[in-house]
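The values are calculated or read from the model by the stated rules, or taken from the named source; none is laboratory data. Treat the numbers as computed from the prediction; the structure is a model and nothing was measured. For neighbour counting, all protein chains shown are included, and Cβ atoms are generated from backbone atoms with ideal geometry for every residue, glycine included. To get the accessible areas, we keep the full protein, side chains included, count just its heavy atoms, and leave off ligands, DNA and RNA. Shrake-Rupley method; radii C 1.70, N 1.55, O 1.52, S 1.80 Å.
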Amino acid sequence: MRLDLRFTYRPLEDLFCQAIVIFSFSINTGLSGVIKNMDRKMAGGISDIINTGIWSGECGEKLLFATQEAIKADKLLIYGLGDESGYSIELLKRETSALVSALQ
């Protein structure tokens, strides 16, 4: 199977795919708007897990959900990028490469 990876900014309702990946900085300052929106769609399941301290958004940290048809994707993967202050294009390239390896 060939991996088809796309970066997009479209409404969630317009997507239909096997998996949606959200890149997220560490959650020291709370959930980002994108994750809050997804959390509402997933009936609070994301915030429940994050509030227990299981996931913090550290660089390379992955959180995988079976969506149970809450969205038009079988799986949702939230991928941590660490602190926003440490962000760079090189970091994004490196972590995207690691993500692709994990997805394959």
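Tell me which of these residue 98 doesn't satisfy, since it passes every other one: (1) touching a residue at least 24 places away in the same chain (Cβ under 8 Å); (2) farther than 29 Å from residue 2 by Cβ; (3) of a type in the set (A, V, I, L, M, F, W, C).
For residue 98, the failing item is (2).
Quick one: is residue 54 assigned to a loop (DSSP other than H, G, I, E, B) and open to solvent by less than 30 Å² (accessible area, probe 1.4 Å)?
Details: assigned to a loop (DSSP other than H, G, I, E, B): yes; open to solvent by less than 30 Å² (accessible area, probe 1.4 Å): no.
Against the criterion (assigned to a loop (DSSP other than H, G, I, E, B) and open to solvent by less than 30 Å² (accessible area, probe 1.4 Å)), residue 54 does not qualify.
Looking at 39, 74, which is the one that is in contact with a Leu (Cβ under 9 Å, 6 or more places away or on another chain) and among the acidic types (Asp, Glu)?
Numbers: 74 fails: in contact with a Leu (Cβ under 9 Å, 6 or more places away or on another chain).
Among 39, 74, only 39 is in contact with a Leu (Cβ under 9 Å, 6 or more places away or on another chain) and among the acidic types (Asp, Glu).
Kindly check whether there is at least one residue in segment 41-51 that is without any contact (Cβ under 8 Å) to a residue 40 or more places away in the chain and within 12 Å of the chain's Cα centre (by Cα).
Going through segment 41-51, the residues without any contact (Cβ under 8 Å) to a residue 40 or more places away in the chain turn out to be 41-51.
With the extra rule that they be within 12 Å of the chain's Cα centre (by Cα), the set shrinks to 46.
The answer is yes, given that some residue of segment 41-51 is without any contact (Cβ under 8 Å) to a residue 40 or more places away in the chain and within 12 Å of the chain's Cα centre (by Cα).
Mind listing whichever residues of segment 22-37 are modelled with pLDDT under 85 and either closer than 16 Å to residue 95 by Cβ or touching a strand residue (DSSP E or B) at 6+ places or on another chain (Cβ under 7 Å) (or both)?
To start, the set of residues in segment 22-37 that are modelled with pLDDT under 85 comprises 27-37.
Residues satisfying the conditions are 32, 34, 35.
Look at residue 40 and say whether it is modelled with pLDDT under 90 and loosely packed, with under 11 Cβ neighbours inside 10 Å.
Details: modelled with pLDDT under 90: yes; loosely packed, with under 11 Cβ neighbours inside 10 Å: no.
Here the answer is no, as residue 40 does not meet what is asked.
For segment 84-104, how many residues meet the condition of being surrounded by fewer than 14 Cβ atoms within 10 Å (Cβ to Cβ) and outside any helix (DSSP H, G or I)?
Of the residues in that region, 2 qualify.
Can you pull out the residues in segment 57-83 that are surrounded by 15 or more Cβ atoms within 10 Å (Cβ to Cβ), hydrophobic (A, V, I, L, M, F, W, C) and touching a strand residue (DSSP E or B) at 6+ places or on another chain (Cβ under 8 Å)? It would help to see each step written out before you state the result.
Applying the first criterion (surrounded by 15 or more Cβ atoms within 10 Å (Cβ to Cβ)) to segment 57-83 yields 57, 59, 61, 63, 65, 67, 70-71, 73, 75-82.
Imposing the further condition that a residue be hydrophobic (A, V, I, L, M, F, W, C) reduces the set to 59, 63, 65, 70-71, 73, 76-78, 81.
Result: 59, 63, 65, 71, 73, 76, 77, 78, 81.
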